[in-house]
Amino acid sequence: MFPFDPSRQSRRRASRSLTRTTRQMTRSLESAAKSVTKAATKAVTRSTEKAIRETRKATVRSVKRTVRDTEKAVAAAFTAQGAKQGAEQGAKVARKPPGQFVTVDGLPVHVIVRGRGRPVVLVHGNGTMAEDFAICGLIDRLAARYRVIAIDRPGFGYTARPRHRIWTAQGQAVLLHRVLEQLSVERPLVVGHSWGTIVALALAADGRRPMRGLVLLSGSYFPGHRTDAALIAPLAVPGFGDAVRAMVPAKVSASLTGQSFRQVFWPQPVPARFTARFPIEIAAAATQLRAVSEDAASMNSAVTGLQRRYPGLTLPVSILAGDADAIVKAGEHSVRLHTTIPGSTLRLLPGLGHMIHYGARLKVERAIDDLMKRG
């Protein structure tokens, strides 16, 4: 037999067939690889997307838990602070008021009434209360010859400050008028200190009650800028101010209140009898701090409405101020008021600050006596 020897043509046909087969196999392998890669990519993508979704859900759950825990912590803090303030209010109620209560339109107003004779009404400033006049000795001294009535303005001392009313200077003057009416007070001499001077002027300008005269101590009588008022005024904003006051611990509030008294007495030191007797727990309580901020915020608007009525006042007016007062500049207020009210008298007290009923009590008494002698 002879060995197999294919022809050239047969070899070419075999080569082409092999090439076609190789190409087909390559395309099949490439197609299969693409399918596998696509399937694998889809699987990885689905797995990644699933992992992202699970991570997002876990993150959301974690954030929600954190928010809930934070809300609970804040609520607990507010509850604890509310309990502290409740205890403070309880202490305030437990502390025996030095005076009596006169109810006007459902509001019990605390007043200290001492002595007999012609009436002298004392109206305190911002941040203090009727007891301030007792601590300085003015009530006892005047009670030896007059009937003295010192009132706790709304929100101060033992008088509440209902939220359903806006306690403008005019509104407080009407309340004072109603209190004096119930106490059968006729033709009083009204003594106002600091913010209390605005109430006294509003009562005089209203004209509904005959008065013997006014003694005005360290007052702000014209609109202007006061740093202390500007700093505290934002706390008068409802809600915001309440939240801020609620977050301040009672000890911190009492400390800040004590610092404010050092400023109002400057350049004189805070008297020892004031430190010993003034009820700081009441002055630092949330109710009184709200009253302080609201009165500070409304001061400019109050005197803006009053100043056009100053020239029409015909009753005797005595104006006293310390020339070293760092709270109210005497030249911008007391001196100017003296030039505005016909027949008024002015006495500037050298070297004294804002609390002149302590540093110059005898001069305050003399001013009261002088006006009493005039009628």
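The values are calculated or read from the model by the stated rules, or taken from the named source; none is laboratory data. Since we're looking at a predicted model, the values are computed, not measured. FYI the Cβ positions are ideal-geometry reconstructions off the backbone, even for glycines, and counts take in every protein chain you see. When the accessible area is computed, the model is the full protein with side chains, heavy atoms only, and any ligands, DNA or RNA have been set aside. Shrake-Rupley method; radii C 1.70, N 1.55, O 1.52, S 1.80 Å.
Listed by first and then second residue, the pairs linking a residue in the range 287-303 that is more than 10 Å from residue 168 (Cβ to Cβ) to a residue that is among the β-branched types (Val, Ile, Thr) and open to solvent by 20 Å² or more (accessible area, probe 1.4 Å), with Cβ atoms under 8 Å apart and 6 or more places separating them unless they lie on different chains, are 292/232; 293/232; 296/232; 297/232.
Of the residues screened, residue 272 is one that is open to solvent by 30 Å² or more (accessible area, probe 1.4 Å) and more than 24 Å from residue 323 (Cβ to Cβ).
Matching residues to (1) open to solvent by less than 30 Å² (accessible area, probe 1.4 Å); (2) among the small types (Gly, Ala, Ser):
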residue	(1), (2)
142	yes, no
145	no, no
148	yes, no
152	yes, no
155	yes, yes
167	yes, no
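Within the range 172-183, no residue satisfies the criterion of being assigned to a loop (DSSP other than H, G, I, E, B) and free of Cβ contacts under 8 Å to residues at least 60 places away in the same chain. Candidates 352, 362, 371: the one that is outside any helix (DSSP H, G or I) and over 26 Å from the mean Cα position of the chain (by Cα) is 352. Taking the criterion of being touching a residue at least 60 places away in the same chain (Cβ under 8 Å) and surrounded by fewer than 18 Cβ atoms within 10 Å (Cβ to Cβ), the residues of the range 184-204 that qualify are 186, 187. All of 318, 293, 298 fail the test of being in a strand (DSSP E or B), of a type in the set (S, T, N, Q) and either surrounded by 17 or more Cβ atoms within 10 Å (Cβ to Cβ) or modelled with pLDDT of 95 or more (or both), apart from 318. Six or more apart or on different chains, Cβ under 7 Å: which pairs go from a residue in the range 330-348 that's open to solvent by less than 60 Å² (accessible area, probe 1.4 Å) to one that's of a type in the set (D, E, K, R) and at pLDDT 95 or above? Could you list them? Pairs found: 330/323. Of the residues making up the range 259-269, those that are closer than 15 Å to residue 359 by Cα, in a helix (DSSP H, G or I) and open to solvent by 60 Å² or more (accessible area, probe 1.4 Å) number 2. In the range 115-132 there is at least one residue matching the filter, namely being farther than 22 Å from residue 310 by Cβ, assigned to a loop (DSSP other than H, G, I, E, B) and of a type in the set (D, E, K, R).
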